[in-house]
Amino acid sequence: MIDPVDVRAAWKPVMRLWWRFKRPMTLGVRVIAADEQGRVALIRHSYAHGWHLPGGGVERGETAIEAAGREAAEEAGVHPETLSLFGVYSNHASYRGDHVIVFRADSWRAVDPLEGFEIAERGWFSPARLPDDVTNGTRRRLEEAFAGREVSPHW
């Protein structure tokens with residue numbers, strides 16, 4: 001007789017692969033970090049238009065909070081010592097299964113950012129005087145964080 005536990009164990013990798021293609025989802029993180037003057041860290045990618053909150057994708061085997069810390073340090077030179085959850089957003093305009101988790105760096109220390117081709121520019125900006133080409137999603141998150149705008153579930 002075949003043990004049902006063995007059958008389930010054998011089919012588990014196949015089913016996991018099927019679900020990945022059937023219902024794929026991506027998960028990204030962004031970090032809101034402000035300095036003593038209340039300015040927020042923003043980055044400009046070499047491959048995408050506009051200013052963004054530092055962040056990126058959650059790697060396999062990494063938690064979202066680990067990814068947020070890694071991305072903030074690599075991209076903006078901000079090593080969060082404490083992070084708090086700010087919001088979870090669906091980014092279905094970019095990709096139907098995309099979600100973004102935004103964290104707030106409650107305390108952080110400066111580190112040397114990772115130099116390379118990915119980041120074209122880094123800057124610190126007042127939330128009330130953002131660059132003209134800040135992305136819509138970044139602008140909305142900062143308005144939610146600093147200007148009392150109602151939090152939306154959509155990026």
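Quick note: the coordinates plus some simple rules give every number you see, no bench work behind them. Quantities reported herein were computed from a predicted structural model and do not represent experimental measurements. Cβ atoms come from the backbone with ideal geometry, glycine included; neighbour counts cover every protein chain shown.
Here are a few things to note about the model shown:
- If you plug the beta carbon distance of Asp35 and Arg60 into 1/(1 + (r/R0)^6) with R0 = 35 Å, you get a FRET efficiency near 0.60.
- For Leu114, neighbours were defined as the other residues whose beta-carbon sits under 12 Å from its Cβ, and their charges (Lys and Arg +1, Asp and Glu -1) total -4.
- Take every pair of alpha-carbon atoms less than 8 Å apart whose residues are at least six positions apart; their mean separation over the length of the chain yields a relative contact order of 27 percent.
- Cα-projected label distance for Glu115 with Asp133, points at 7 Å along beta-carbon direction, nm: 2.3 nm
- Against the chain, whose longest principal axis is taken from its Cα atoms, helix 136-146 shows a tilt of about 70°.
- Expressed to the nearest 5 percent, the antiparallel share of DSSP beta bridges inside segment 26-146 is 75 percent.
- Seen through its C-alpha gyration tensor, with square-root eigenvalues sorted a ≥ b ≥ c, the chain comes out prolate because a/c lies at 1.5 or above while a/b is bigger than b/c.
- Order of Thr135, Thr63 - criterion: other Cβ atoms within 10 Å of each residue's Cβ, fewest first: Thr63, Thr135
- Rounded to 10°, Cα long-axis angle of helix 64-76 versus longest principal axis of the chain: 40 degrees
- Ordering Trp124, Trp51 by the number of other Cβ atoms within 10 Å of each residue's own Cβ, fewest first, gives Trp124, Trp51.
- Put in line by how crowded their Cβ is, counting other Cβ atoms within 10 Å and starting with the fewest, Arg141, Arg129, Arg149, Arg104 read Arg129, Arg149, Arg104, Arg141.
- Highest-fluctuation residue, Ala68, Ala128, Ala76 considered, GNM on the chain with Cα pairs under 10 Å: Ala128
- Tilt relative to the chain, helix 4-22 - C-alpha long axis, 0 to 90 degrees, to 10: 40 degrees
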